[in-house]
Amino acid sequence: MRRVLLLGLAASLLMAACGGGEGAEPAASTAPSSSAVPSTSAESTTAPPSAAEGVLASNAARLPGDAPASDVAAVTAGDAAFGADLLEVLAAESGGNLAVSPLSIRLALAMTYAGARGETAAQMAQVLRFGLPDEALHAAFNRLDRALEERNRTLSGEGGAARRLEISISNALWGQAGLDVEAAFLDILAAQYGAGLRLVDFAGAAEAARATINAWVAGETNDRIPELIPPGALTPATLLVLTNTVYLWADWALPFSSEATTEEAFTRLDGSRVTVPTMHQLLPAGYAAGDGWQAVDLNYVGGEVAMLLVLPDAGRFTEVAGASADLYPQAVSGLQSTDVDLALPRFEFRTQAGLPDALRALGMADAFDSGRADFTGILADGGLFISDVLHEVFVAVNEAGTEAAAATAVIMGRGMPSRPVELSFDRPFLFWLYDRATGAVLFMGRVLDPSA
């Protein structure tokens, strides 16, 4: 198998660690550079790139995205199904507002999946609803990515006001210099995801690498997700971080009038009430109804992107939400155009979630186990596993339209246990203070009551 050695750049990375900080920005690679040749072309909008950073990318050009429409349909169906699976698990852990981006999570893990093998790959495919052969799967994601980017447009609304739709999807990988990376893995990243491997120094400057990745995410999400990766998430044992961002700015096709917004009561699940700004509009829209629910479908400018809103009957939220995997296709297929007198609260919230426990619960266990994970398609000598999957979503809906941003980071390392051992000294214990080199016990004792 062909492999590519990430160039050392030790002196340069040391300079980056000393002087990079928050402003340091990675070089970009929407058009892949030649293998093992550091690149310093600029891409991010937040800060100029550091000359110390480089990109390792395949010579393969980004493919045009000509996968069959049926394959793209299979991928989008998988988005909805996986999202329903994940929301059900996360909802059991959270009692508040909750949002995920199935597309962002699946894109980040699809890049990871490109290097998975054996049972690890089988579990990932099952949990992530990857129902296509590998080559077709990556090609379908490529076509979907390109199709969504083509939605971008600005139209003239009433009075000449500009109304716009923007969808932006970005992928990037961040790797420790010196890794022996499989060339076939880099080929898939370049050809289907338009991504190369950006060189950072996790081993010597993990915090500087975290700042660099977070700055890239912030730039790709219009600063709506400023700190995807929290302090301490990256360590010297980190080898790879795979990131995806999805950003949406969409003006309504028929905006709400702010003059019609009033303060009205909203009843929570427990029966308590809160007063919230509620938008009103009488408009033609898609409408559907089923057992225990009603739905309305609202167009954004251009009519190619929409928001489906489902309102369960009073007292049936849990029942309806539990069937969301079937509800989405049922509601969309049942839409009929009619006039709707709509009252919709403005809302804005953020979801931050670590996904390892949820993904394990869904059946993707081996990828997080350092002893069983098989990502030899990335590093042929093995040992690589996923140490964390971080996901964050921001959603804001108001009279003008919707702004939403999502980011996902897949953190990979090796030589560490799959999860920390939980050990709480909450009962009497013993202790020894000893000299490691000689084994001499300097002190020893027991603690029966720490408060005594």
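Taking 41 Å as R0, compute the FRET efficiency from the Cβ-Cβ separation of A162 and D369 and round it to 0.05. Efficiency for this residue pair is about 0.20.
Under the criterion of Cα pairs below 8 Å and six or more residues apart, the relative contact order for region 200-352 equals 19 percent. Rounded to the nearest Hz, the phi-derived 3J(HN,Hα) couplings of region 118-134 under the Karplus curve 6.51 cos²θ - 1.76 cosθ + 1.60 (θ = phi - 60°) are x, 5, 4, 5, 5, 5, 4, 4, 5, 5, 7, 6, 8, x, 10, x, 3, where x marks glycine and proline. Projected label points at D381 and R117, each 7 Å from Cα along the beta carbon direction, are separated by 1.5 nanometres. Near A177, the amide H atoms lying under 5 Å from its own belong to V200, F202; only residues 5 or more places off or on other chains count, and H is placed 1.01 Å from N.
Once the Cα-Cα distance is subtracted from the 0.36 nm per residue extended length, the D291 to T76 segment shows a gain of 74.9 nm. Taking amide H positions as modeled 1.01 Å from N, with prolines and chain starts lacking one, the residues under 5 Å from L342 and 5 or more places away or on another chain are Q281, L282, L283. Each Lys and Arg contributes +1 and each Asp and Glu -1, all at the Cβ; summed about the Cα centre of region 262-345, the dipole is approximately 140 debye.
Between A314 and D134, the contour length at 0.36 nm per residue exceeds the alpha carbon distance by 60.4 nm. Sorted ascending by nearby beta carbons within 10 Å, beginning with the fewest, M279, M412 become M279, M412. For D374, the residues whose amide H sits under 5 Å from its own are R117, T120, ignoring neighbours fewer than 5 places away on the same chain, with H placed 1.01 Å from N.
Note on V89 and L63: the model spin-label points, each 7 Å out from Cα along the C-beta direction, lie 2.9 nm apart.
Sorted ascending by nearby beta carbons within 10 Å, beginning with the fewest, R427, R164 become R427, R164.
The residues H138, H391, when put in order of fewest to most other Cβ atoms within 10 Å, stand as H138, H391. For region 262-345, the spread of Cα coordinates along the three principal axes comes to 37, 31, 18 Å, biggest extent given first.
Here, each number is a calculation from the coordinates, and none is a lab measurement. It should be emphasised that the depicted structure is a prediction, and the values quoted were computed from it without experimental measurement. When we count neighbours, we look across all protein chains shown, and the Cβ atoms used for this are built from the backbone with ideal geometry, even at glycine.
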